[in-house]
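The values are calculated or read from the model by the stated rules, or taken from the named source; none is laboratory data. The structure presented is a predicted model; accordingly, all values stated were derived computationally and were not measured. Positions of Cβ are generated from backbone atoms using ideal geometry, with glycine treated the same way; all protein chains shown enter the neighbour counts. Surface accessibility is based on the protein's heavy atoms, side chains included, excluding ligands, DNA and RNA. Shrake-Rupley method; radii C 1.70, N 1.55, O 1.52, S 1.80 Å.
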Amino acid sequence: MTTLRQTAGQKFRKAVSEEKPLQVIGTICAYHAVMAKRVGYRAIYLSGAGVAAGSLGMPDLGISNLDDVLTDIRRITDVCDLPLLVDVDTGFGASAFNIARTVRSLVKFGAAAMHIEDQVGAKRCGHRPGKELVAKDEMCDRIKAAVDARTDPSFVIMARTDALASEGLESSIKRSIAYVEAGADMIFPEAVTDLPTYRKFAAAVKLPILANITEFGKTPLFTLEELRSADVAIALYPLTAFRAMNKAALKAFEAVRRQGSQKTLIPEMQTREELYEFLNYHAYEKKLDELFARERN
């Protein structure tokens, strides 16, 4: 009897339904995705800010493009089968054709879900001032274009709204309800500052709600228990490992430059053998040795 293979979107939806709230950890590169799976996460995330800063060395101001994101998606999905949620900013283009291309490309490259936001094209970080929004109807058109374009019906279209900071709770909830009516599968209210607000969003939209638990932002670092009490379905940690990695890298650069040696850093490093274990290095090496042995014979 043939068992049907789950799509990436189906895996993501299943994880959301079974782990409450689902912890989704940001993985800036393929190796981080491998480590996240080994630790036990059931879903991972590729941040737009992470692509801009980590892959391009640029700020998160709508500078990166679809191809930049697809490169990182492919590298991650090639080595890790965890469902991947991807930040697509405003869709990488103003027209329905641009958004359709984005959705089809994400599905083709193995992503499980995406979130698209209601900011203008020259977007800003969701926890920074000065954000400008498009009209509610324009965002609904973005969502409809995304839904119509998906080649896998299980691929998740998540709508992010940044309206809370500039328009207030009532308007942002009205926007979210409209986004659900336009076809959004899940809702991502950005820069929420308290638990009762999450409860109100969840009660209003009656779909899974994502909480962005990003460091140094507007949202407090709520615990899983607190988020569960507020009916949050997904807890996102977009750049936690990236920020820790950056701090460690800077410390290493400074120490080697100042001390002329990395000796003091050794206790803080992942060892060569630990790296090999995560990468299954010795299994690769064994296959390579077997191949060379056959060639010699």
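Under conditions of 4 °C and 1.567 mPa s, region 180-284 yields 75 µm² s⁻¹ as its translational diffusion coefficient, taking Rh as the Kirkwood radius over Cα pairs in the Stokes-Einstein equation. Based on protein heavy atoms only, region 177-297 ends up with 63 Å² per residue of surface accessible to a 1.4 Å probe.
Determine by what factor the alpha-carbon radius of gyration of region 34-74 differs from 2.2 N^0.38 Å, reporting the quotient.
Numbers: Rg = 11.8 Å, N = 41, 2.2 N^0.38 = 9.0 Å.
Expressed relative to 2.2 N^0.38 Å, the Cα Rg reads 1.31.
Computed from point charges on the beta carbon alone (+1 for Lys and Arg, -1 for Asp and Glu), the dipole magnitude for the chain about its Cα centre is near 380 Debye.
Other residues lying with their Cβ under 12 Å from the Cβ of Glu215 contribute a combined charge of +3, Lys and Arg counting +1, Asp and Glu -1.
When each of the peptides 149-156, 240-247 is scored by the mean number of other C-beta atoms lying within 10 Å of its residues, the order from highest to lowest reads 149-156, 240-247. Enter the angle in degrees (range 0 to 90, nearest 10) between the Cα long axis of helix 169-181 and the first principal axis of the Cα atoms of the chain, meaning the one along which they spread out most. With rounding to tens, the tilt is 80 degrees. In terms of its C-alpha gyration tensor, region 102-250 comes out rounded, because the ratio a/c of the largest to the smallest axis stays below 1.5. To put it simply, the accessible area of the chain at a 1.4 Å probe is 55 percent carbon and sulfur. Taking every protein chain into account, the accessible area of region 17-160 amounts to 41 square angstrom per residue (probe 1.4 Å).
With K and R counted +1 and D and E -1, the other residues having a Cβ less than 14 Å from that of Glu181 yield a net charge of +3. Share of pairwise Cα-Cα distances greater than 17 Å in region 27-148 is 55 percent (whole percent). Charged side chains reduced to their Cβ positions (Lys and Arg at +1, Asp and Glu at -1) give region 144-275 a dipole of some 420 debye around its Cα centre.
Go through (i) 18.3, 54; (ii) 20.9, 85; (iii) 20.7, 75 and flag the label whose value is the computed Rg and Dmax of the Cα atoms in Å for this structure. Checked against the structure: label (iii).
Sequence-distant contacts, meaning Cα pairs under 8 Å at least 6 residues apart, place the relative contact order of the chain at 18 percent. Alpha-carbon geometry of region 168-216: the Rg and the Dmax are 10.4, 33 Å, given in that order.
Bridging of Lys286 to aspartates and glutamates at a Cα separation below 14 Å is possible for Glu277, once same-chain residues fewer than 8 apart are set aside.
Cross-link partners of Lys20 among aspartates and glutamates, defined as those whose alpha carbon lies under 19 angstrom from its own and excluding same-chain residues fewer than eight positions apart: Asp185, Asp194, Glu225, Glu226, Asp231. Using a cut-off of 31 Å between Cα atoms, the listed pairs Lys11/Lys251; Lys14/Lys144; Lys108/Lys218; Lys218/Lys247 include Lys11/Lys251; Lys108/Lys218 as exceeding that distance. In debye, nearest 20, what is the charge dipole magnitude of region 161-202 about its Cα centre with +1 on Lys and Arg Cβ and -1 on Asp and Glu Cβ, if you could check? Here region 161-202 has a charge dipole of around 140 debye.
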